[in-house]
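The values are calculated or read from the model by the stated rules, or taken from the named source; none is laboratory data. Nothing here was measured: the structure is a model prediction, and the numbers come from that model. Here the Cβ is made from the backbone with ideal geometry for all residues, glycine too, and neighbour counts use every protein chain on show. Only protein heavy atoms, including side chains, enter the accessible area calculation; ligands, DNA and RNA are left aside. Shrake-Rupley method; radii C 1.70, N 1.55, O 1.52, S 1.80 Å.
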Amino acid sequence: MTRRGVAGGKETARRRPAAGGSAGDAAGDGGLLVLVDVGNTNTVFGIYRGDTLVRDFRLTTNPERTADEHSALLLPLFQRAGLDPADAEAVVVSSVVPPLHPTLERLAASLFHQPPLFIEPGVKTGLQIRYDNPSEVGADRIVNSVAARELYGAPVIVVDFGTATTFDVVNAAGEYAGGIIAPGIGISAEALFAKASRLRRVDVKKPAQLVGRDTAGAMQSGFYYGYIGLVDGILERLVAEIPEIKNIVATGGQAPLIASGSKYIREVNDLITLIGLKLIYERNR
């Protein structure tokens, strides 16, 4: 999917590239590398063989789900894909849900027979963190920044549309300079549904026209164009502050929706977190 972007006259593309590089077979001789991206809403399991992403699976994030329940959900997905979890040679985890960490440790031991590598302080990322307290930066934001710098060069901005929408900046020196956190479009809509009793729930999508002719259309315009206004307003200020920016890349569930109307987002890459996890794994082998 490509479209002509407004920013710099460049095309905005949606990509699903492999995490290429010269490191060779990242999980050994034909073994599997299991990459786990635990977000507040969804958990993604990316399965690599060498430099090839062979499958990716998505589960709802549920801190109450046990390791056995995770196994019961994952095993049929692996079998359907013709993959054996026992072939895993490494498990790497980026998580923003700490209560799930013990469960993931048990899952990695029981299903994959490997101890997981969590992205946390002490792990080599190759990225200098210019945060007052580096431990406050979410693992996903670090992982995304590592991948963005590798794929697009620096300076670069990553916009991640998850439960929260985060803007992460890698400066010209290739360092993590900091970021911006805003409420995600989904929870913004949920707040309106919860507090306005006469407004019924509607899908968050691009409306047929700017000015709604019914309540549903009016709400969809507010969600869609209002959120694009938030995103482009922040990006406009960032571009003014960092004029030499190489790229602005979006990821996350709502990235294609918002990027399609943004003046500044140049590319959508829904695998950037998995790519970053693979790069960090290679640096810690």
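Contact order for region 185-285, expressed relative to its length and based on alpha carbon pairs under 8 Å spaced 6+ residues apart, stands at 18 percent. Rolling a 1.4 Å probe over the protein heavy atoms gives region 207-248 an accessible area of 55 Å² per residue.
Cross-link partners of Lys206 among lysines, defined as those whose alpha carbon lies under 22 angstrom from its own and excluding same-chain residues fewer than eight positions apart: Lys263. Here the ratio of the Cα radius of gyration of region 229-285 to 2.2 N^0.38 Å is 1.35.
Look at where the Cα atoms of region 160-200 and of region 240-272 average out, and the two centres are 14 Å apart. Counting pairs of Cα atoms in region 164-285, how many percent are more than 23 Å apart? Cα-Cα pairs in region 164-285 separated by more than 23 Å: 41 percent. When the helices of the chain are scored as -39500 (n - 2.57) per DSSP H run of n ≥ 4 and the total is divided over every residue, the value at 222 nm lands at -10000 deg cm²/dmol. The accessible-area ordering, largest first, of the residues Ile228, Ile180, Ile129 stands as Ile180, Ile129, Ile228, per a 1.4 angstrom probe.
Surface composition of the chain: carbon and sulfur atoms hold 49% of the protein heavy-atom accessible area at a 1.4 Å probe. The translational diffusion coefficient of the chain, from Stokes-Einstein at 4 °C and 1.567 mPa s with a Kirkwood hydrodynamic radius over alpha carbon pairs, comes to 65 µm²/s.
Among Lys195, Lys278, Lys263, the sequence by solvent-accessible area, most first, with a 1.4 Å probe is Lys195, Lys263, Lys278. As an exercise, use a Förster radius of 22 Å and the Cβ-Cβ distance of Asp203 and Glu136 to find the FRET efficiency, rounded to the nearest 0.05. E between Asp203 and Glu136, to the nearest 0.05, is 0.05.
Pairs of Cα atoms nearer than 8 Å and 6+ residues apart set the relative contact order; for the chain it is 21 percent.
Residues considered: Ser260, Ser197, Ser188. Largest GNM mean-square fluctuation over the chain, using C-alpha springs under 10 Å, is found at Ser197.
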